[in-house]
Amino acid sequence: MQSIIFDEKAGKASGVRVIDANTKEVMEFHAKVIFLNASALNSNLVLLNSTSNRFPNGLGNDSGVLGRYICHHNYRGWINGKIDGFEDRYTYGRNPTDAIIANYRNLHKQDTDFLGGYTTYAGAYREHNNAAACPEQIGAAFKDAMTEPGPWHVYAYLQGETIPKERNHVRLSKDQKDQWGIPLLITSVEHDDNDERLLKDFFTQTQEMMEKAGAKDMTHKDTKQAPGLDIHEMGGCRMGNDPKTSMLNKWNQLHAVPNVLVTDGACMTSTGNQSPSILYMTLTARAVDHAVSEMKKMNI
């Protein structure tokens, strides 16, 4: 999808412009109501690329906040260790040992030196075989060792909330385009001190839990990966009551173009710490119900 078409005379969107992936033919499809759910960053790209005399900086972008307040989930923290025992159990191929530890930080009040919270994904597994521990790396003993599972390991990783900031943004490249002639999206998003403090707390708290459970030889790993290597990107077309500081109203309609609705991660004003996909589905169902109601009333 290249852009949304804005009808200057009618004062509303009239359709979408798409490019065939193979033939590169440009086609237009028209509709009374348009739902944009291209995935958070790509929805921002489409809106930024939907320019007109009325909206020279992107469709509905009277506030200038389109593409800003981009955020994501922080996956930089990993903890690994070993745990003795349980050698009568082997569950390779199934995952009964995987668990989720719900957020327990800053639930009802601010009780840490960082904002937000984090979900902890944890689990245990046995090595596929015990061959690595066999002194003979060839022969019958090695072959037998390969049929035996190895020791148990435990692990945990972080899904941390990041705080939306205006400076974390996406914008269209002025001189680089993809193979279909659409401007490339430049992503300018960084971690901050709050992310570092949250990460440190995850390491401290999670190691303490695991050691209480009997884990040993714990190691920490900060991948230091860039935000673009994480998932659950959100923001850029945020909801809000004030058109001066937001793009969408409470029904996910563009303030300035009510027959366009955005219900994917672009609409979010905060990441939370949970996986958000079911929330997007809920927002979409809610927005569809509202759009149908408004169409019946001839409001859009």
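In summary, Glu148 fulfils each of the numbered conditions (1) among the acidic types (Asp, Glu); (2) at pLDDT 75 or above; (3) under 28 Å from Met218 (Cβ atoms) with the single exception of condition (2).
Quick one: which of Asp113, Asp84 is open to solvent by 90 Å² or more (accessible area, probe 1.4 Å), touching a residue at least 24 places away in the same chain (Cβ under 8 Å), over 24 Å from Asp242 (Cα atoms) and touching an Asp or Glu at 6+ places or on another chain (Cβ under 9 Å)? If you could, list the steps in order and put the result at the bottom.
Working: Asp84 fails: touching an Asp or Glu at 6+ places or on another chain (Cβ under 9 Å).
That would be Asp113, the only listed residue that is open to solvent by 90 Å² or more (accessible area, probe 1.4 Å), touching a residue at least 24 places away in the same chain (Cβ under 8 Å), over 24 Å from Asp242 (Cα atoms) and touching an Asp or Glu at 6+ places or on another chain (Cβ under 9 Å).
For region 62-69, the condition of being open to solvent by 20 Å² or more (accessible area, probe 1.4 Å), touching a strand residue (DSSP E or B) at 6+ places or on another chain (Cβ under 9 Å) and acidic (Asp, Glu) holds for none of the residues.
Name the residues in region 126-141 that are at pLDDT 75 or above and not charged (D, E, K, R), would you? Residues satisfying the conditions are Gln137, Ile138, Gly139, Ala140, Ala141. The number of residues in region 232-276 being within 22 Å of the chain's Cα centre (by Cα) and part of a strand (DSSP E or B) comes to 9. Residues in region 241-285 that are surrounded by 21 or more Cβ atoms within 10 Å (Cβ to Cβ) and at positive phi: Asn252 only. When the test is whether a residue is in contact with a His (Cβ under 9 Å, 6 or more places away or on another chain) and under 30 Å from Ala122 (Cβ atoms), Gly81 passes it.
Within region 182-197, track down each residue that is in contact (Cβ under 8 Å) with a residue 40 or more places away in the chain, assigned to a helix (DSSP H, G or I) and open to solvent by 70 Å² or more (accessible area, probe 1.4 Å). Steps first, please.
Keep residues of region 182-197 that are in contact (Cβ under 8 Å) with a residue 40 or more places away in the chain, which gives 182-183, 185, 187, 189, 191, 194-195, 197.
Still in the running and assigned to a helix (DSSP H, G or I): 194-195, 197.
Listed by number, the list holds a single entry, Arg197.
So that you can scan it fast, the table gives a plain yes or no per residue for (1) at positive phi; (2) out of contact with any strand residue (DSSP E or B) (no Cβ under 7 Å at 6 or more places or on another chain):
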{"site": "Gln2", "(1), (2)": "no, no"}
{"site": "Glu8", "(1), (2)": "no, yes"}
{"site": "Ser39", "(1), (2)": "yes, yes"}
{"site": "Leu45", "(1), (2)": "no, no"}
{"site": "Leu48", "(1), (2)": "no, no"}
{"site": "Gly60", "(1), (2)": "yes, no"}
{"site": "Trp78", "(1), (2)": "no, no"}
{"site": "Phe86", "(1), (2)": "yes, no"}
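Checking Lys224, Lys143, Lys165, Lys216 one by one, the residue that is on the phi < 0 side of the Ramachandran plot, under 23 Å from the mean Cα position of the chain (by Cα) and basic (Lys, Arg) is Lys165 and no other.
Within region 286-298, identify whether any single residue is within 30 Å of Asp84 (Cβ to Cβ), open to solvent by 30 Å² or more (accessible area, probe 1.4 Å) and of a type in the set (D, E, K, R), and answer yes or no.
Looking only at region 286-298, we keep the residues that are within 30 Å of Asp84 (Cβ to Cβ), and these are none.
No: zero hits.
Sub-9 Å Cβ pairs linking a first residue in region 1-16 that is at pLDDT 95 or above to a second residue that is buried (at least 17 other Cβ atoms within 10 Å of the Cβ) and aromatic (Phe, Trp, Tyr), at least 6 apart or interchain, are Phe6/Phe55; Lys12/Phe6; Ala13/Phe6; Ser14/Phe6, ordered by first then second residue.
What about Phe142, is it closer than 26 Å to Pro276 by Cβ, of a type in the set (Phe, Trp, Tyr) and open to solvent by less than 90 Å² (accessible area, probe 1.4 Å)? Break it down into steps so the answer makes sense when it comes.
Details: closer than 26 Å to Pro276 by Cβ: no; of a type in the set (Phe, Trp, Tyr): yes; open to solvent by less than 90 Å² (accessible area, probe 1.4 Å): yes.
Here the answer is no, as Phe142 does not meet what is asked.
The values are calculated or read from the model by the stated rules, or taken from the named source; none is laboratory data. Since we're looking at a predicted model, the values are computed, not measured. Neighbour counts run over all protein chains shown; Cβ positions are idealised from the backbone, glycine included. The accessibility values were calculated without ligands, DNA or RNA, using every heavy atom of the protein model including side chains. Shrake-Rupley method; radii C 1.70, N 1.55, O 1.52, S 1.80 Å.
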